[in-house]
1. What does the net charge come to around HIS153 if you take all other residues with beta carbon closer than 9 Å to its beta carbon, with K and R at +1 and D and E at -1?
2. What value does the chain have for Rg/Rh, both radii from Cα atoms and Rh as Kirkwood defines it?
3. State the extension gain, in nm to one decimal, for the chain segment bounded by GLN255 and ASN225, taking 0.36 nm per residue of separation less the distance between their alpha-carbons.
4. Cross-link list LYS90/LYS247; LYS224/LYS247; LYS75/LYS247; LYS157/LYS199; LYS198/LYS237: which exceed 24 angstrom alpha carbon to alpha carbon?
5. Which of ALA94, ALA205, ALA251 moves most in a GNM of the chain, Cα contacts under 10 Å?
6. Counting Lys and Arg as +1 and Asp and Glu as -1, what is the net charge of the other residues whose Cβ lies under 12 Å from the Cβ of ASN223?
7. If one takes the longest principal axis of the Cα atoms in the chain, at what angle in degrees, from 0 to 90 and to the nearest 10, does the Cα axis of helix 157-171 lie?
8. Trypsin sites (Lys or Arg not before Pro) within the range 174-209: which are DSSP loop residues with at most 15 other Cβ atoms inside 10 Å?
Amino acid sequence: MILRLLLRFFVHYRILQLCMLVVSFPVFADEPASGVQLEELTSTEVRDRVAAGSTTILIPVGGTEQTGPYVALGKHNCRVRYLAGQIAQKLGNALVAPVISYVPEGQVTPPVAHMRYAGTISIPDATFEAMLEGAARSFRQHGFRTIVLLGDHGGYKQDLDQVARKLNHEWAHDGSARVIYLAEYYRLSFAGFNALLKKRGYSDAEIGAHGGLADTALTMAVNKNLVRSDALAKSVKAPEGVVGDPKRATAELGQAGVQLIVDGSVAAIRAAVR
């Protein structure tokens, strides 16, 4: 009787051990994460990606600024994160750094330009450049060899270019890494997309330069919730802080811009690397 009880206890104990073993080692434990967003990966996943050849890092730069009453303050941040992700996926050997959302937007006191409107955040150029430089140095330390700066806003192009030149000059002696300021990204998102819209019959006055048809359509294509479409449809005059007329903007129209930016940026990065 005692022997039978001991045998039954031993069998149950072994079953419990096997169950714990299965729980401790899930079926998909060894499968690598498929995403390209650095902040969604673990440290060891990033290490392994770099070791496997993903040595390009995209640093998306956005900005927090007003675009009138119909477009959210974070449009640049959401757009550049999404577009950088699409670009990285097509490159096949790239990851995307967290978005830099604090950028120079003009003098704070007294306020000028976008700083005259609630919600806009501005930092000094020197602070902005130091942040970019620190990020680039960090990625070089972790084994990234090609560091790409993508700017969704035209106000800090000179800063991006200056940081790239400074670091490339400093690192030229060993060739361990280089920084590419991808001016083509912004050219495509502004002049390139505007030209595409003009070919489709839209006027310069409608396309605009800030918060107009082009700006709003591109934002809708990335995240329609960033645009207050109902209020926009009811508007009767151009609001303050907007240059252009966004009433006919649609996500479908903006998707053409997304395709243009992604394809052109991928081609430009590959050409620069070659």
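Coordinate-derived values only; no laboratory data. Quick caveat, the model's predicted, so the values are computed rather than measured. Ideal geometry is used to build each Cβ from the backbone, glycine not excepted, and the neighbour counts take in all protein chains shown.
1. Once positives and negatives cancel, what remains is -2.
2. Details: Rg = 24.5 Å, Rh = 21.0 Å.
Here the Rg-to-Rh quotient is 1.17.
3. Numbers: separation 30, 0.36 × 30 = 10.80 nm, distance 1.52 nm.
Separation in residues times 0.36 nm, less the Cα-Cα distance, equals 9.3 nm.
4. Values: LYS90/LYS247 32 Å; LYS224/LYS247 14 Å; LYS75/LYS247 17 Å; LYS157/LYS199 27 Å; LYS198/LYS237 22 Å.
Among LYS90/LYS247; LYS224/LYS247; LYS75/LYS247; LYS157/LYS199; LYS198/LYS237, the Cα-Cα distance tops 24 Å for LYS90/LYS247; LYS157/LYS199.
5. Its mean-square fluctuation being the largest, the pick is ALA205.
6. Values: positive: LYS75, ARG79, ARG81, LYS224; negative: none.
With Lys, Arg at +1 and Asp, Glu at -1, the neighbours total +4.
7. Computed tilt is about 50 degrees.
8. Working: sites: ARG178, ARG187, LYS198, LYS199, ARG200; in loops: ARG200.
Of the trypsin sites (Lys or Arg not before Pro), the ones in loops of the range 174-209 whose Cβ has at most 15 other Cβ atoms within 10 Å are ARG200.
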